[in-house]
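Every read-out reported here was derived from the displayed coordinates using simple, explicitly stated rules and does not represent laboratory data. In this text the structure is predicted, and so the values were computed from the model without any measurement. Neighbour counts run over all protein chains shown; Cβ positions are idealised from the backbone, glycine included.
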Amino acid sequence: MPVPDAPPAVGQPVANADLTAWLAVAAGAIGALMATLDISIVNSSLPTIQGEIGASATEGTWVATAYLVSEIIAIPLTGWLERTFGLKRFLMVAVVLFTAFSVMCGLSQNLTMMIAGRVGQGFMGGVLIPTGMTIIATRLPRHQQPIGTALFGSTLIMGPLFGPLLGGWLTENFSWHYAFFVNVPVGMILLGFIMVGLPWTKMRLQEFVHADWLGIAGMALGLGGLTVVLEEGNREQWFESSLIWQLTIATIVGFVLIAVGQMTARRPVVKLALLRQPAFASVFILGLVVGAALYGTAYVIPQFLVAIAGYDALQSGQVVFLSGIPAAMMMPLFPLIVAKVDLRVVVGTGVLLMAASCWMDTTLTADANGAEFTVSQLMRGLGQAFSMMFLNQAAIASVSTEDAGDAAGLFNAARNLGGSIGLALLATLQERRLDYHLWTLHSSLSANDPGVQDWVSSQAASLGGGPDGLAGAIRSIDTSLARDALVMAFNDEFTALMIGILLVAPLVLLLRPLPKGPHKMAMH
């Protein structure tokens, strides 16, 4: 495992990183941005893609799910793959394959080809995320590492927010194919940065012999099965579906294999024993919830704007992207904050800002539009910047130097897994609360109420009178009630996110503050 250079002797000037080191850091940030952006870049263009590749609405969801499943599996495996093949060689292969799978997606003529491409994209994208912190740890001197961390941390926030905006713009102005083809020039630039900025290291193929194969198989079954269950459970009516039962069994078998690997392998593929440490367990749980809020709000807000305000994909993407502005503005201040302010204060402030932003969105009405989200989105973005950037530091500060790589991998996996859990729970909550509110609103209207009778008579007359006019008036009532019920369901979703964030907020007190002076960075 690579370790940053020792601090210079007292009185000795500290050397700054050269241009090649910064090119390597840029490569890590660009790679992480590509990986996180491609999670959501298809969201805006999904209806168009479904139509052109002949997929139903249910089948089309696998375009997004396939990527997320393979990415979540890949993230914890990155440390082992990196040790086996060497960082530079491993990253070059990952970028080439990610670009090739992107082209495959863009050229897809059917659902099978698209899903195969998205699985490959997701796996290669998953390994690009944690390696960004490895590059920072090994290529920058300690006093410049917070700058690299700020650059890297912002990509974890900007990617999911910029994806729907870029995907919607490309689809509206060109074609959905370019949502995938855009990775080709970016991949070429990234490959050049890696070739110039990273040194060659030896392969250690003996890692294959001593690998935790039970743990690796368990990761694929457990994390893959769990992610699909969460993503597809609501559409499949949960355990009324034989598919969900089969995947649940596969998930349990996978986690059993991981547990056996933890006890028997010389070096487990991921060190789950870290979760026994209160400080790191707190980071992990906070990462789950912050991930759920990050991906959940990016999912709920466009749904509201399309269904209630009549926005198109590009317009809703612009509203979602508002929360990325504070993250971009925070980048230059990150090194100063990380050195001067207690980590617990910063993360606690971020968590409370996210909770407050959700509270602001709990009073939406049927007349609301994108302007209603401006203040809450900016507040949410600032909270996400404080939380996401500094939780990554907290993950590393809570463990020993030799465990920093495993901690970074687990934290990144927690963020994405939290997103899956959040989306599944929000989709289920919306469906259940919509039915509840619709029933409640209908039951509150009495056919014998003079006010209701007068309104129906007036509406029926305006629609031409007679049986057709009466039927039109009743349909108008149903449409209005369904719209109001849906708005109330959206409000309930924001309420649930607020409550979830507040429930885990006290865990901030268990975080371990960063040591004074140079800070440890994530390594694999």
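Brief remarks on what is shown
- Taking θ as phi - 60° and the Karplus parameters 6.51, -1.76 and 1.60, the scalar couplings of the range 421-437 work out to 4, x, 5, 5, 5, 5, 4, 5, 4, 4, 5, 5, 6, 4, 4, 5, 5 Hz in sequence order, x denoting glycine and proline.
- In sequence order, the range 256-263 has phi-based couplings of 5, 4, 4, 5, 5, x, 4, 8 Hz under the Karplus curve 6.51 cos²θ - 1.76 cosθ + 1.60, θ = phi - 60°, and Gly or Pro positions carry x.
- Modelled spin-label separation between Met203 and Leu107, with each label point placed 7 Å from Cα along the Cα-to-Cβ direction: 2.6 nm.
- The residue list Leu364, Thr84, Pro302 was ranked by how far each Cα lies along the charge dipole of the chain toward its positive end, using unit charges on Cβ atoms, and Thr84 comes out on top.
- Taking every DSSP helix (H) stretch of at least 4 residues in the chain, weighting each as -39,500 (n - 2.57) and dividing the sum by the residue count yields a mean residue ellipticity at 222 nm of -25000 deg cm²/dmol.
- Each 10 Å bin from zero up to the one holding the largest Cα-Cα distance in the range 17-210 carries the following percent of pairs: 10, 36, 33, 16, 5, 0.
- Between Thr440 and Met329, the simple label model (points 7 Å from Cα in the Cβ direction) yields a spacing of 3.6 nm.
- Short-range pairs are left out: with C-alpha atoms under 8 Å and at least six residues apart, the relative contact order of the range 169-309 is 22 percent.
- Helix 466-504 vs. the chain, principal-axis angle (Cα, 0 to 90°, nearest 10): 30
- On Cα atoms only, tilt of 62-85 relative to the major axis of the chain in degrees: 10
- Backbone geometry of the range 368-383 corresponds, through the Karplus equation with coefficients 6.51, -1.76 and 1.60 at θ = phi - 60°, to 3J(HN,Hα) couplings of 5, 9, x, 4, 5, 9, 4, 5, 5, 5, 5, 5, 4, x, 5, x Hz, x marking Gly and Pro.
- Relative contact order of the chain, pairs being alpha-carbon contacts under 8 Å that are 6 or more residues apart, as %: 21
- Relative contact order computed over the range 305-383 (Cα-Cα under 8 Å; 6+ residues apart), in percent: 52
- Rounded to the nearest 20 debye, the dipole magnitude of the range 248-407 is 580 debye, with +1 charges on Lys and Arg beta carbons, -1 on Asp and Glu beta carbons, and the Cα centre as origin.
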